[in-house]
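Please treat every number below as a calculation from the coordinates, not as lab data. As the structure is a prediction and not an experimental result, all values here were calculated from the model. Counting neighbours? That spans all protein chains shown, and the Cβs are built from the backbone with ideal geometry, glycine included.
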Amino acid sequence: MTKALAPDKQRGLSIVIPLFPGFNLLDVSGPITLLCGLEEDVTITLTSQNGLAVASQQGVQIVANASFQDDMFCDVLLVPGGTGVKAELGNPPLIQWLRHQGRKARIQCAVCTGSALLAQTGLLDGKSATTNKHQYHWVSELNSHVLWCPVARWVQDEHTFTSSGTAAGLDMTLGLITFLVGEEAARKVAIDAEYLWRNDPDDDPFAPLHIVE
């Protein structure tokens with residue numbers, strides 16, 4: 001992947017992450033940890049429908065610092081997955097907010113089943129994408145206009161990134177960092193976190209375990 005969208009040195013890098021009941025904690029905290037390891041200034045905005053704290057699927061509550069009513073700019077929209085995704089597919093305020101915010105964002109990202117939410121908005125139409133392989137079949141049936149990839153650790157299609165299951169979001173985030181500021185920076189972030197980066201997006205050891213063909 002080539003270095004393409006370096007952050008504005010004056011205002012840094014803006015990341016917006018929507019929270020909803022039952023989001024996966026690692027889908028949010030993992031990418032935040034890696035992105036905040038960059039030398040560039042990074043601003044994280046956690047937003048929820050009403051601007052209040054939201055409980056993750058693990059039971060830990062995270063406090064939002066914005067609501068869906070707030071108009072905001074972001075370089076990167078990052079959508080987590082989690083057990084709450086299926087319920088949120090029928091939540092018009094979230095889907096409408098994602099569609100609006102995703103169109104404004106420079107980059108759209110989804111971790112795990114967060115790709116189901118992006119697919120529901122139409123933002124993935126005509127694009128290659130992947131998702132959690134254990135959940136692959138129902139997610140891929142949501143939108144036939146998406147070019148679903150059954151074997152992929154993560155997928156980049158221009159300015160859109162999607163990952164396989166939860167931990168794959170870390171690998172995708174390092175791929176995103178490579179896209180933003182270069183592979184050297186991504187490797188430094190991985191080393192600082194003492195994380196062994198699976199940097200081949202096509203290396204997906206979990207697809208065969210879930211009989212994805």
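Observations
- Cα gyration tensor category, rounded, prolate or oblate, for segment 28-133 with a/c compared to 1.5: rounded
- Karplus-derived 3J(HN,Hα), 6.51/-1.76/1.60, for each residue of segment 148-164, Hz, glycine and proline x: 5, 9, x, 10, 5, 6, 7, 10, 10, 10, 6, 9, 10, 10, 9, 10, 6
- Fraction of antiparallel bridges per DSSP, the chain only, in percent to nearest 5: 25
- Over segment 76-142, the alpha carbon radius of gyration divided by the compact-protein estimate 2.2 N^0.38 Å works out to 1.00.
- Derived scalar couplings ³J(HN,Hα) [segment 74-81; Karplus, 6.51 cos²θ - 1.76 cosθ + 1.60; whole Hz; x for Gly, Pro]: 8, 6, 10, 9, 10, 9, x, x
- Amide H contacts of VAL79 (H built 1.01 Å from N, in plane; Pro and chain starts excluded): CYS109, ALA110, VAL111 sit under 5 Å, all sequence-distant by 5 or more or on other chains.
- Over the chain: helical MRE at 222 nm, DSSP H runs n ≥ 4 each giving -39500 (n - 2.57), nearest 500: -8500 deg cm²/dmol
- Normalising the Debye intensity of the chain to I(0), with uniform scatterers on Cα atoms only, and taking log10 at q = 0.15, 0.16, 0.17 Å⁻¹ returns -0.89, -1.03, -1.17.
- Built amide H within the under 5 Å cut-off of SER67, gap 5+: SER48
- Neighbour counts of C-beta atoms inside 10 Å place LEU46, LEU52 in the sequence LEU52, LEU46, starting with the fewest.
- Once backbone amide H atoms are built at 1.01 Å from N, THR43 has LEU13, SER14, ILE15 as its partners under 5 Å, excluding neighbours fewer than 5 places away on the same chain.
- By average C-beta atoms within 10 angstrom, highest first, the peptides 168-178, 103-113: 168-178, 103-113
- Pairs of lysines in the chain whose Cα atoms sit within less than 24 Å of one another amount to 8, provided the residues are eight or more positions apart or on different chains.
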